[in-house]
Amino acid sequence: MAANREAPNREANREAPDILSPEFAVDPYAAYRVLRDHFPLLHHEPTRSYIVSRYEDVERAFKDPVFTTENYDWQLEPVHGRTILQMSGREHSVRRALVAPAFRGVPLQETFQPVIERNARELIDGFRDAGRADLVAQFATRFPVNVIVDMLGLDRGDYDRFHRWYTAIIGFLGNLSQDPEVAEAGLRTQQEFAAYMLPVIRERRANPGDDLLSTLCTAEIDGTAMSDEDIKAFCSLLLAAGGETTDKAISSVMHNLLRHPEQLAAVREDRSLIERAFAETLRYTPPVHMIMRQPAEDVVIGGGKVPAGATVTCLIGAAGRDERRYADPDTFNIFRDDLKTTTAFSAAADHLAFALGRHFCVGALLAKAEVEAGVGQLLDALPDVAIEDGATPREQGVFTRGLDALPVRFTPVG
């Protein structure tokens, strides 16, 4: 591992943090500060990538067209098939136009909001009378996957199967150390998921309903429709990206609020502040810490040069704590004035957790709806919720990062 020689501010005897080290996995935030201050461009040999960590550099990598998503050919395609994230030009714009309407406006509010509310309520019913719960295992990891299964109009009896597939896909995508068993599980899931979905897609084309899968099967723009493989790949991507972001975000929002009682009290009093709490969580403890890009030509960034075709690892988790962009960045503050909630769930966001530009997350408003419903219902059902005495919830993960558990206690209502 070596810093790029052209990168500025390197101290002669300072060693660059290793993003694959055990120390980094325990607490990446201290390492992020060292990277931002002293290694704004770092060549990391184990992952054969160039790491950027400052807000302005990560933002540029997401918005400047010279940075492509061709890295997804090897990163995502083996487990998802070819997805919209790999496409560019008209192919990308048409596919995005085919899927995006289902995730905003009237379809989201009228068709899917009741699905979201019902799934949150059903999961909470499983522990609302118990006085204790683990909000990760009993709610957060299940909620978004169940919502996606219902949105697609799939068999609710397969919740556990989809949860297993989701876990294997996320493991594959975050397998920076190239563990062969994790890789094999991801590839096996790709085959199992295709064998399950393709017959359902063919049946839904013949007999469409009012579910999201039927919408994808029948959508058409200028004579272009999605193929069976396109739809299968999008559903796989939705399961992984839609599940992972919301899964880790809900537990992180709750954890951040529980650790800041005055802000929790404000959110209880005014539920519109859940939106602020979510946006601040995306900056402070984002679910996805790294996204890769690949420059189409040699490019200067972070004070050094990255060659065409190289992988650039964009550290979202570091950029969100960059004091060059945010005041007091290591403090969770839903009332900060340097993070606009009015644009936080659009391509004009001033955080980076959903990426930016043409590949801004198409499901950002779905994630917002899920977090607002989930957190809102949890606050209703658990009025005096607190972290279990003696519990010390810990973040885990490198590529994606979230709580291992969130044990809480509360007085049951009624």
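Among the trypsin sites (Lys or Arg not before Pro) within the stretch 14-51, those in coil by DSSP and having at most 12 neighbouring Cβ atoms inside 10 Å are R48. Full extension of the chain segment joining Y159 with D380 gains 77.0 nm, where the gain is 0.36 nm per residue of separation less the Cα-Cα distance.
Taking amide H as placed 1.01 Å from N in the peptide plane, the amide H of S49 sits under 5 Å from that of H44, each at least 5 places away or on another chain.
Based on protein heavy atoms only, the stretch 227-298 ends up with 28 Å² per residue of surface accessible to a 1.4 Å probe. Taking the 1.4 Å solvent-accessible surface of the stretch 180-294 as the whole, the part contributed by carbon and sulfur is 50%. Heavy atoms of the protein chains alone define the surface here; on that basis the stretch 372-414 has 42 Å² accessible area per residue at 1.4 Å probe size.
All other residues whose Cβ lies under 14 angstrom from that of R409 are scored, Lys and Arg at +1 and Asp and Glu at -1, for a net of -3. Counting only protein heavy atoms and a 1.4 Å probe, the stretch 168-207 has 54 square angstrom of accessible area per residue. Remark on G304: its backbone amide H falls under 5 Å from none of the residues 5 or more positions apart or on other chains, H modelled at 1.01 Å from N. Less than 5 angstrom separates the built amide H of A405 from those of R394, all sequence-distant by 5 or more or on a different chain.
At a 1.4 Å probe radius, carbon and sulfur cover how many percent of the accessible area of the stretch 309-414?
Working: 2030 of 3800 Å².
The value for the stretch 309-414 is 53 percent carbon and sulfur by accessible area.
Most tightly packed first, judged by the mean number of other beta-carbon atoms within 10 Å of their residues, the peptides 114-120, 405-411, 371-377 read 371-377, 114-120, 405-411. Measuring against 20 Å, Cα to Cα, the residue pairs K248/K340; K340/K368; K63/K305 contain K248/K340 as the ones spanning a longer distance. Couplings for the stretch 311-317, taken from phi via the Karplus curve 6.51 cos²θ - 1.76 cosθ + 1.60 with θ = phi - 60°, read 8, 10, 8, 9, 8, 4, x Hz in order; Gly and Pro are left as x.
The values are calculated or read from the model by the stated rules, or taken from the named source; none is laboratory data. No experiment lies behind these values; they were computed from the predicted model shown. Virtual Cβ from ideal backbone geometry, glycine too; neighbours counted across all protein chains shown. Only protein heavy atoms, including side chains, enter the accessible area calculation; ligands, DNA and RNA are left aside. Shrake-Rupley method; radii C 1.70, N 1.55, O 1.52, S 1.80 Å.
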